1. In whole Hz and in residue order, list the ³J(HN,Hα) couplings for region A:15-23 that follow from phi through the Karplus curve 6.51 cos²θ - 1.76 cosθ + 1.60, θ = phi - 60°; x for Gly and Pro.
2. Say each of C:LEU174 and B:THR52 gets a label point 7 Å from the Cα, pointing the same way as Cα to Cβ; how far apart are those two points in nm?
3. Take chain B, connect every pair of alpha-carbon atoms lying under 10 Å apart with a spring to form a Gaussian network, then pick out the residue of B:PRO15, B:PRO179, B:PRO39 with the largest mean-square fluctuation.
4. Considering the dipole of region C:37-116 built from charges on the beta carbon (Lys and Arg +1, Asp and Glu -1) around the Cα centre, which of C:MET50, C:SER105, C:ILE60 is farthest to its positive end?
5. Can you run phi through the Karplus equation (6.51, -1.76, 1.60; θ = phi - 60°) for region B:89-98 and list ³J(HN,Hα) in whole Hz, with x for Gly and Pro?
6. Amide H of C:ARG102: which non-local residues (sequence gap of 5 or more, or other chain) have their own amide H closer than 5 Å, using H built in the peptide plane?
7. With axes computed from alpha carbons, what is the tilt in degrees of helix B:168-182 against the longest principal axis of chain B, rounded to the nearest 10 within 0 to 90?
8. Once both axes come from the Cα atoms, what is the angle between helix B:42-52 and the longest principal axis of chain B, in degrees from 0 to 90, rounded to 10?
Amino acid sequence: MSLWSLLFDPENSIWVYRINAGSCNGCEIEITPLFTPRYDAERFGIKWVGTPRHADVVLVTGPVTAVAKESVMEVLSQVPDPHVVIAVGSCGVSGGVFRGSYALEGPLDNLYPVDLYVLGCPPKPEGILTALLEAKKILKAKRKGQYQEKPLVVDPAGMVMGR
Amino acid sequence: MNIYITYIVLGLLLPLVALLYDGIERKMTARIQGRVGPPITQSWLDFVKLLTKKVKLPEDTNMLMLFSGLVLMFAGAFIPLIMVFMRKGDLILLMYLMVGGTLGILLTGLAFRSPYSRVGVSREMQMAFAYEISFIFAIVITIMVTGCRTLEACSASSIPLIKWPLLLIPFILFLFVAPAKVGVVPVDIGEAESEIAEGPFVEIGGRYLAIAKLSKSMKMLALMQLITLLYLLPAGVTGVWYWIASFVIDGVLVFFTISVVRNAASRIKIDQAVKFYATVPLAIGIIGLVIVYLMRGWGM
Amino acid sequence: MKVGVILKHIWENLFTEPMTKKFPKEPVQLPEGFRGRVGYIPENCIMCNMCVLNCPANAIEIKPEEDGKRWTLHYDRCINCMICVEVCPVEALYNDDKEPFRVTSDRISAIETGKVPMVSCPICGKKVPRPSNTMVKRMMKEVTPRNLLKAAVCPQCKKDHKPEEIDAIIDKILEEGSYPDMDKLLGKEGLR
């Protein structure tokens, strides 16, 4: 890292908030090691915060269940700009094994623009770390106003059982 | 004229130094836990980042309360910081100013209707009642032993702790109070991140949070420098050596009173914390006061 | 005493190397039997639909195209359970742990895909699916153009002609080089 980025790059400080939107806790088990000595995300300035108002990055795990939808949308609307939303795990990305269930309000990207996806069930901690480092670039682009907002994904098969 | 330039330069530089010390503390914590840890400029980077964020506040925020709270919080950390580093000012005034910082946290938390913030404020208040009395005892005993009420008069030819061995009592009291006053893990029940989402700061973000974080690190540095000045640093040290010595001793103090304590203990409950501060430090304070009073009667 | 133990740990940690993995600089170390992503070898596939039927996440689909069938695995739904690898009868799927995770900004295009083309029967010219390498290997021990051509003979022609006649026709085709779908049969084009 250059001296400039060590001193004045706001992207070197990323505060992460996590939402569980009906996940099985597998992804949580993989997110938590990020902040333990073995993976230590804090060496990149990534810190865990307890409230969406402090967050730069929101990790969403789990398919958005009908019960969780209202809370998830409420929390996402409280995150100040610029922020990045990352869907973690197969369920968060597309619904995974629950895809097409009557109890889902669809995967998150059908409701809210998602910037990055971490695929896997559950993804490795390294994968989530890679996504968080990738989020730095997106945050930089958003601060400069060069980022193209992502449209909502319409996944026609996502809502229907079978094909 | 010259003195004003000194004040302005110090006023601009000392907050940065305070953030740097916060970063050093984070690095030391990480090393104690066997991690690599963030770069030591991390707290400064957080501060810069928070300034670039947009602010989102709840609709029913009491703005007057929020601003007065933030101003009190900032003043309660910034003015003591300048005072202790310039070695000018009154010890009693300093004591009141540092209590004012705690009051600022309470006011900030009360500006919102969030239950987390209310719980945080109530816990912060209970903690303040428990530990501020020991802090006042520490200052009063120090004044009684050394006989100086202002910071510039507290000058000894040698290390104060060696010249007046009775100062060991307020020194130990200060070590007990420092983690609670700064707000680090075993006793930061009011601002617990994982339990109540930073308590009074749960709703603020952006530049308001930047001020709160800056105040916290400034309070830490001011408290450490106060301990250094009152108990560890001989008055004969001046000029460049004064700055070098105080920064080194501050770093050592931060390591022993903040980092080690924070990693050796987990966060305790509010009733445990209050019970602890209402017994051990308070008893030490009262017994110390009696001892010092009697010793003075015998002409010491 | 407990405090002594903690202080000893603190002291030790301060003067030893941190246990943090240097992840972005060093590659990920994977454990034995790690379930990474699913790799697909269209040369081996017989389009038997076993993976589609057994996939718990409905992540695999087989769609007919104008010449052949396309096999697609949607990684955004895949749960890395490797049931498809287990049920695959012809070793067309395998556990590929070269890529232990994937981060993308476009989930729809995160797919693994392959196509089994139609080739013409060497005798009557009727369109049949390209024979699987694995099946050829199992029946005729090795994969050669000759064996592949033999396997591409359609069922009707196999009934109508005797094995010696088929061999003679294939020898003739190989001499003349007149078979139209040779590239597809050898897996040089049309598979991905």
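What follows draws every value from the coordinates through simple rules; no lab data is involved. Here the structure is a predicted model, which is why all the values come from computation and not from measurement. Using ideal geometry, Cβ is built from the backbone for each residue, glycine included, and neighbour counts are taken over all protein chains shown.
1. For region A:15-23, the Karplus-derived couplings read 9, 10, 10, 10, 10, 9, 9, x, 7 Hz, x marking Gly and Pro.
2. The answer from the label model is 6.7 nm.
3. B:PRO39
4. The Cα lying farthest towards the positive end belongs to C:SER105.
5. x, 9, 5, 5, 4, 4, 4, 5, 4, 5
6. A:LEU119
7. That works out to roughly 10 degrees.
8. Between the helix axis and the principal axis of chain B, the angle is about 40 degrees.
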